[in-house]
Amino acid sequence: MPLNKNLIDKFINITSMAAVASYKYVGKKDKKLADKAATDEMRKNINILDIKGEVVIGEGELDDAPMLFIGEKLGTGIGPEIDIAVDPLEGTNFAANNLPGALSVIAIAPKGNLFKAPETYMNKLAVGKDVPGDAVDLDFTVEKNIKNLSEVKNKKISDLTACILDRPRHKKIIEELKKLKVNLKLISDGDISGALLVTDKKYNVDIFLGIGGGPEGVLAASALDAFECKFQGRFLFKTSNDIMRAKKMGINDINKKYDLKEIVKDDSIFCATGITNGDLVKGIEYKNNIFISETLITHKAGKLTKIIRRENILKT
């Protein structure tokens, strides 16, 4: 069932206001304070909407309140039932240190249509809509994925670019990519935006891969769906407690590889507002007592993928 397109403007406002709230702490070296400001503002503004909302991807679980926690009910309780995925401040270190790429992110879908993911790691792979569905796969080797990608995109391997988080856990993959002479775009944080770099040729990223946050994977999948891209994810559980939590959330096959259509089953709306300048959107600007924001918005049913610039968000 498609979401009402009137929700688009409301959720652009929600991420924009959260971004402005966090922007006040950019460069203050306090990522917790920046995150709390964005979270509090987001909760406040969702709660005035006429929806029956439930957080399925959050900042933690009930014990971690006051962050937006998994299972939290939001909205006035009147109106459509909606699944909500949030990352009020994607890239907390970016905001704390005034570095590029901090975002405020939200995705919504009709109830029961957005994957309820635990806070754990996920092995991910994303490519653009120009790549056939069977060309790349999480179960393929790095070499096979790269060679297949080279063939279907009719590009030399040395002309391909892979985006991956610069982490010790990726040392082997990075070494393989270097050996194949693939160009690397290494990112220190922000794997929602990293995954979305496959959506447009202007970003010059052919594949996003590697291990990052599971909740971030679900959020990215919502936008990738609207762009008709391919995404796969497999959750990684380190402890028996992690497995127990996952099973409580309905994940019985802990080794399952999820396709995008299993993560986002129906219509969705995705909003990502820049806090600091990044590849996807510009950060908050402050001019003449007015905050100006830029938001990437997608709506699958409406075939909408665009960037919205707003003024007069909040006056001091």
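The values are calculated or read from the model by the stated rules, or taken from the named source; none is laboratory data. Remember, predicted model here, so these are calculated numbers, not experimental data. FYI the Cβ positions are ideal-geometry reconstructions off the backbone, even for glycines, and counts take in every protein chain you see.
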Scan the stretch 271-294 for residues that are among the polar types (S, T, N, Q), farther than 17 Å from Thr92 by Cβ and either in contact with a strand residue (DSSP E or B) (Cβ under 9 Å, 6 or more places away or on another chain) or assigned to a strand (DSSP E or B) (or both) and jot them down.
Asn289, Ser293
Just to be sure before I move on: is Ile78 within 22 Å of the chain's Cα centre (by Cα), within 30 Å of Lys5 (Cα to Cα) and not polar (S, T, N, Q) in the structure I sent?
no
Could you identify the single residue in Lys32, Lys36 that is over 16 Å from the mean Cα position of the chain (by Cα), surrounded by 14 or more Cβ atoms within 10 Å (Cβ to Cβ) and modelled with pLDDT under 95?
Lys36
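Looking at Val56, Val26, can you tell me which residue is over 27 Å from Lys303 (Cα atoms) and not in a helix (DSSP H, G or I)? Steps first, answer last, please.
Numbers: Val56 fails: over 27 Å from Lys303 (Cα atoms).
Val26 is the lone residue from the list that is over 27 Å from Lys303 (Cα atoms) and not in a helix (DSSP H, G or I).
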State which residue pairs qualify: first residue assigned by TED's automatic domain parsing to the domain that holds Val86 and over 14 Å from Asn98 (Cβ atoms) and inside the stretch 265-290, second residue part of a loop (DSSP other than H, G, I, E, B) and of a type in the set (Asp, Glu) in any location, beta carbons under 8 Å apart, and separation of 6 or more residues or different chains.
Ile290/Glu311
Need a quick list: helices (runs of 4 or more DSSP H) entirely within the stretch 156-266 having at least 1 residues that are surrounded by fewer than 18 Cβ atoms within 10 Å (Cβ to Cβ).
171-179, 240-248, 260-263
Within the stretch 42-61, of all residues that are at pLDDT 95 or above and farther than 17 Å from Gly79 by Cβ, the one surrounded by the fewest Cβ atoms within 10 Å (Cβ to Cβ) is Lys44
Would you check if Ile297 is surrounded by fewer than 24 Cβ atoms within 10 Å (Cβ to Cβ), in a strand (DSSP E or B) and within 13 Å of the chain's Cα centre (by Cα)?
yes
Only one of these conditions is not met by Met244: (1) of a type in the set (A, V, I, L, M, F, W, C); (2) in contact with a strand residue (DSSP E or B) (Cβ under 7 Å, 6 or more places away or on another chain); (3) under 30 Å from Glu81 (Cβ atoms). Which number is it?
(2)
Filtering the stretch 234-254 down to residues that are under 15 Å from Ile211 (Cβ atoms) and not charged (D, E, K, R) yields Phe235, Leu236, Phe237
For the stretch 218-230, state whether one or more residues are touching a helix residue (DSSP H, G or I) at 6+ places or on another chain (Cβ under 7 Å), assigned by TED's automatic domain parsing to the domain that holds Ala195, β-branched (Val, Ile, Thr) and in contact (Cβ under 8 Å) with a residue 40 or more places away in the chain.
yes
Name the residue, out of Ala85, Ala117, Ala126, that is in a loop (DSSP other than H, G, I, E, B) and not charged (D, E, K, R).
Ala117
